[in-house]
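*Asks:* Take a look at the following structure, please.
FYI, it's all coordinate maths here, none of it is from the lab. Being a predicted model, the structure only gives us computed values, none of them experimental. No Cβ is skipped: glycine too gets one built from the backbone with ideal geometry, and neighbour counts run over all protein chains shown.
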Amino acid sequence: MYNDEHNLYNYTYRKDGSELSHQRETVRPAGQPGPQGPEIEVKPVKKNRLGLKITALALVCALLGGAAGGGAVWAAVRYGGGNESEINVSNRPATQVALRNVDGKTAMSDAEVYAANVNSVVSIRTSATAGYNFFSQPVQSASAGSGFVLSKDGYILTNYHVVKGAETVTVTTYGGEEYSATYIGGEEDYDIAVIKVEAQDLQPVTLGDSGDLNVGDHVLAIGNPLGELTFSMSGGMVSCVDRAINVDGTPFNMIQTDTSINPGNSGGPLFNQYGEVVGIVSAKYSQSSGGTTVEGLGFAIPMNDVFSMVKDIMANGYVSNRAYLGITPQTMTENWAAQYHYDVDAGVFITYVEPDSAAGKAGLKMGDVITKVDDTDIESVEDLNLAKKKYSAGDTAVLEVYRPDGTVTVEITWGAAPREDQAQQQETQQYPGNRNDNSGGGNGGYYGNPFEDLFRYFYG
């Protein structure tokens, strides 16, 4: 045990933590237990100062000789007893990391990917009013996350949950420059947001094709774990592509990776081996429903899934072509089926249809149950939302709809989500930093078949 009362690093093998006397030690002959044996006083051995001087001289000569001759250096030290000790020291020159441009053709080392992109990654800090104390004074909440530069003139991409509800957003670059950022727009269903700083000549990333990823490909993440270990890089592999998971009823299509991801990494880039951004780091699987702690299950949003929306947000401040049906949906249940004498107990039950919406124009009505969108079976609202993400405004689809008098097929043309509907995402959502979670910052719960109640969604 360690005895820390007087010296933090004193060590004793005694269970009571007491110190051995440094003035006198006793050694008893073998076979004579207890204090009956004669005590032998052990005196400290006097230092051989001449030997130390010779030893030091030998080391200096050996090191100087090795430095002049190159290669591995070894020092032979001879003591009075004739023993020799050898110390091998390498003089290999430090590896020089080449600063390469990301061209999408040249595979890069991990160090080269970091050097080429670290100046494009930013640290994001947010604050907001989380409530009021007993004296009616505002209580501030803070959170931290990551992001990456999209353009030289200051557009930055991050997760929606990193800046959701924030009153102030501060961006810090690798070089230490600090900027106040403005929220441009976001899409909560895809967990993306674009912010902007007033700067010129920033270094943007190069976006890659996430559709080219294969299971087993090497990937890297740069971000700010814990909001303190800024601009850290971690590496791993792609564990799965097109992994469907669910966040508070919102379905996501994700890249699964064993790259180390922690609170503060949210919104940071996921790079392929060519130094291109193929994903947006978003979530970590940290604990099972049974309380088992797990590692190596991180998730990133594929760039291909959000690229057009990011451009739309940069141009218009919102996603102008997000597919919109115009209904109030409810997941069909056995209780509803029994109540309304329906022959189906799964699907999306329509409780309201907006008159001029895509659903209204296609002839859908209250009481209809959507059971299929094109070739995708629909059993819940989550299924419908996930299927809807495959379409943009103006696309067409065929719905299979159950009605008490029979099943029909309905062709629809997806409408565009109203801008005011999307603008309310930023205004009405509670700031996440005041939630409680074992992963830090604010959080929600990832869940859904086959991972129901398994995921923990971390913010900042």
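*Asks:* Ordered by residue, what ³J(HN,Hα) values in Hz, to whole numbers, does the range 322-331 give under the Karplus form 6.51 cos²θ - 1.76 cosθ + 1.60, where θ = phi - 60° and Gly and Pro are x?
*Replies:* Result, rounded to whole Hz: 5, 4, 9, 9, x, 10, 9, x, 9, 5.
*Asks:* Which values, in whole Å and largest first, are the semi-axes of the equivalent ellipsoid of the range 197-302 obtained as the square root of 5 times each eigenvalue of the Cα gyration tensor?
*Replies:* Equivalent ellipsoid of the range 197-302: 23, 17, 14 Å, largest first.
*Asks:* Using only the alpha carbons of the range 115-154, what is the convex hull's orientation-averaged projected area in square nanometres?
*Replies:* Approximately 3.9 nm², given one-decimal rounding.
*Asks:* Here's another thing I want to ask about it. Could you order peptides 302-313, 260-271, 204-215 by the average number of other Cβ atoms within 10 Å of their residues, highest first?
*Replies:* Top to bottom by mean Cβ count within 10 Å: 260-271, 302-313, 204-215.
*Asks:* Given that compact globular proteins tend to follow 2.2 N^0.38 Å, what is the ratio of the alpha-carbon Rg of the range 234-390 to that value?
*Replies:* Working it through for the range 234-390, the quotient is 1.27.
*Asks:* Treating each Cα of the range 100-226 as an identical point scatterer and ignoring solvent, apply the Debye formula and state log10 I(q)/I(0) at q = 0.13, 0.16, 0.17, 0.21 Å⁻¹.
*Replies:* Once normalised to I(0) and log-transformed, intensities are -0.61, -0.86, -0.95, -1.27.
*Asks:* Related question: Starting from the amide H of residue 268, placed 1.01 Å from N in the peptide plane, find each other amide H under 5 Å away whose residue is 5 or more places distant or on another chain.
*Replies:* 146, 281
*Asks:* Per residue of the range 376-382, what does 6.51 cos²θ - 1.76 cosθ + 1.60 with θ = phi - 60° give for ³J(HN,Hα)? Whole Hz please, x for Gly and Pro, Karplus curve as stated.
*Replies:* Once θ is set to phi - 60°, the couplings for the range 376-382 become 9, 5, 10, 10, 7, 4, 4 Hz.
*Asks:* Semi-axes, largest first, in whole Å: what does sqrt of 5 times each Cα gyration tensor eigenvalue give for the range 314-395?
*Replies:* 26, 14, 10
*Asks:* Still on this structure: Going by amide H atoms built from the backbone, whose H comes under 5 Å of the H on residue 372, apart from near neighbours?
*Replies:* Here 378, 400 satisfy the definition.
*Asks:* Sticking with this structure for a sec: Cα convex hull of the range 147-204: mean projected area in nm², to one decimal?
*Replies:* So the mean shadow area of the Cα hull is 3.6 nm².
*Asks:* Based on the mean of other Cβ atoms within 10 Å per residue, sort peptides 90-98, 109-117 so the most packed one is first.
*Replies:* In descending order of packing, they fall as 109-117, 90-98.
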